[in-house]
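The values are calculated or read from the model by the stated rules, or taken from the named source; none is laboratory data. Bear in mind that the values here come from a model prediction, so they are computed numbers and not experimental data. Cβ placement follows ideal geometry from the backbone for every residue including glycine, while neighbour counts extend to all protein chains displayed. Areas reflect the complete protein model, heavy atoms only, side chains present, ligands, DNA and RNA absent. Shrake-Rupley method; radii C 1.70, N 1.55, O 1.52, S 1.80 Å.
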Amino acid sequence: MKYSQFAVIGLGRFGSNLANELVEAGYEVMGIDKNPDKVDDLSDHLTFTVAADTTDDEVLKELGVRNFDCVIVAIGNDIQASIMTAILLKDLGVKTVVAKALGELHGRVLEKIGVDRVIYPEKDMAVRVAHQLVQPNILDFIELSKNYTIAELSAPSRISGKTLGELDTRAKFGCSVVALHKKDDIIVAPSANDVVEEADIMVLIGTIQQIEKLEEACTK
Ligand code: ATP
């Protein structure tokens, strides 16, 4: 689903970076924090900023948060405030509520009360950095589900000049190349005859284990 208007509640490090990024991307963002200093810091950057305590449902109604397509609860340390805010947003009928969880239990509670997407920024970033450190050719990846991942792999010199047919990643490793990003071009759904050159970015789909096995085999 594509959203056009966002509200970000809690303008700590995570919330303020997220809100700024959404504004940079051209979206309208209302930033809310109970701490007026945080609100002042961002008032020149965001579309609207409000100092308010979001554990009060009257406040949420007055702010019209119901009219936002997506509301992100970026309150972390105060777990009670995070959970109360999320419940009130769901009760008010906000279409999509995204909430940050500090840990597993916090996340499970948020899921139980109907939060549409729970994110674990510290854990997700740690997992991402760990994979990038041990497999430097894996530039980035997105977990599509528990089993499937899309990853970008920078083609090592060892496979330069080979066709996708010769590499035969699906038969050998179980993962498929869904796109090949060349210097000035991107080949979507490449064929067996397409040639991989060093530093091309191969976009792969498979399990993270399959993709890591391919990376290891290509670099050894
Ligand atoms: P980060 O790591 O992103 O800096 P954090 O995990 O330390 O954040 P907190 O400091 O708990 O998270 O919360 C982030 C922001 O949420 C703070 O600026 C805080 O003032 C704000 N906040 C906390 N409770 C409420 C509330 N009830 N209503 C509105 N804002 C709140």
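At a threshold of 8 angstrom on Cα-Cα distance, excluding pairs fewer than six apart, so keeping six or more, what relative contact order does the range 1-160 reach in percent?
On the way: 261 pairs, mean separation 24.5, N = 160.
Normalised by residue count, the contact order of the range 1-160 is 15 percent.
Average accessible surface for the range 1-71: 57 Å² per residue, computed with a 1.4 Å probe over protein heavy atoms with every protein chain in place. Here the accessible area is traced with a 1.4 Å probe on the protein chains. For the range 1-49, carbon and sulfur cover 46 percent of it. Each Lys or Arg adds one and each Asp or Glu subtracts one; over the other residues with Cβ under 12 Å from the Cβ of residue 90, this totals -1.
Looking at the range 72-142, the accessible area is 54 square angstrom per residue; that uses a 1.4 Å probe and ignores ligands, DNA and RNA. The residues of the range 148-220 expose on average 54 square angstrom of accessible surface per residue, using a 1.4 Å probe on protein heavy atoms. For the range 140-217, the carbon plus sulfur part of the accessible surface works out to 49%, probe radius 1.4 Å. Do the sum for the chain: with -39,500 (n - 2.57) for every DSSP H run of n ≥ 4, divided by all residues, what is the mean residue ellipticity at 222 nm, to the nearest 500 deg cm²/dmol? Computed ellipticity for the chain at 222 nm equals -11000 deg cm²/dmol.
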